[in-house]
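The values are calculated or read from the model by the stated rules, or taken from the named source; none is laboratory data. If you're wondering where the values come from, they're calculated on a predicted model, not measured in any experiment. Virtual Cβ from ideal backbone geometry, glycine too; neighbours counted across all protein chains shown. We work out accessible area using only protein heavy atoms, side chains counted, and drop any ligands, DNA or RNA first. Shrake-Rupley method; radii C 1.70, N 1.55, O 1.52, S 1.80 Å.
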Amino acid sequence: MKLHYSPGACSLGIHVILEEIGKPYELSLVALKDGAQYKPEYMAVNPKSKVPALDRGDGKVLTEFPVIAFWLAKSNPEAGLIPSDFEGEVRCLEMLDYICGTVHPHGFTRQFRPGNFSFREEDHPKSVELGKQNAQKYFETIEKGWKGGTWLLPSGYSVADAALFFVEYWATRRSGMTLPPHLDAHLKAMLARPAVQRTLAQEGLAA
């Protein structure tokens, strides 16, 4: 397998999942800051010009975080990264969708790329502030609905935790935000996992 990633992007969560699984994989750097995602070489891999993208090793490429996470979990059942019951699996997908489809774009893309939401540069600070407000609201929603213990789901550690980790990491390391109690404890537990420590080291990120 080969993961197309950019250090500290949402691909961080997929990188963690690969480390948890423990099977051989390669990393292929896509320097988003340099616009590498728009170059023909990468667009031939993923015409959406985004990371992550996962070459499965069978000549096929998967895109979109929830789909890659689901495929990795289901194709590596021995890793125990998705609930074994149908209801649990559905709840795991529900969290993946919320984190990747709502928390990520409306909480953090608004902060990191305000130009995507406002053409006028003088409005960018408002976009950043709205992103922080949104992120805090979304985190509070997750906090109030927390049904697990250390991990997000009652069934235990899953790919949903790897997704939650990347937005928690952004919140605390890039946005200076304070997490609600369950999420703060969750981030600390994630940072203690060897797979997460290896991932951060490989991407040159501070723990």
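So Arg174 clears everything in (1) within 30 Å of Ser84 (Cα to Cα); (2) open to solvent by 20 Å² or more (accessible area, probe 1.4 Å) except one condition, right? Which one?
Every listed condition holds for Arg174 apart from (1).
Considering the stretch 14-72 alone, what residues qualify as being charged (D, E, K, R) and not in a helix (DSSP H, G or I)?
The answer is Lys23, Glu26, Lys39, Lys48, Lys50, Asp55, Arg56, Asp58, Lys60, Glu64.
Are any residues in the stretch 138-162 among the β-branched types (Val, Ile, Thr) and closer than 19 Å to Pro66 by Cβ, and if so, which ones?
Thr141, Ile142, Val159
Of the residues that make up the stretch 24-41, is at least one out of contact with any strand residue (DSSP E or B) (no Cβ under 8 Å at 6 or more places or on another chain), touching a residue at least 40 places away in the same chain (Cβ under 8 Å), open to solvent by 30 Å² or more (accessible area, probe 1.4 Å) and of a type outside the set (Lys, Arg)?
No: zero hits.
Those residues that are touching a Lys or Arg at 6+ places or on another chain (Cβ under 8 Å) and either more than 29 Å from Arg193 (Cα to Cα) or of a type outside the set (A, V, I, L, M, F, W, C) (or both), I need them from the stretch 21-54; list them, please.
Tyr25, Glu26, Ser28, Gln37, listed by residue number.
Name the pairs: first residue in the stretch 188-207 and assigned to a loop (DSSP other than H, G, I, E, B), second residue open to solvent by less than 70 Å² (accessible area, probe 1.4 Å) and among the hydrophobic types (A, V, I, L, M, F, W, C), Cβ to Cβ under 6 Å, at least 6 apart or on different chains?
Filtered contacts from the stretch 188-207: Ala207/Leu191; Ala207/Leu200.
What tally of residues in the stretch 44-55 results from selecting those that are open to solvent by less than 80 Å² (accessible area, probe 1.4 Å) and either farther than 24 Å from Val16 by Cα or touching a residue at least 24 places away in the same chain (Cβ under 8 Å) (or both)?
Count: 7.
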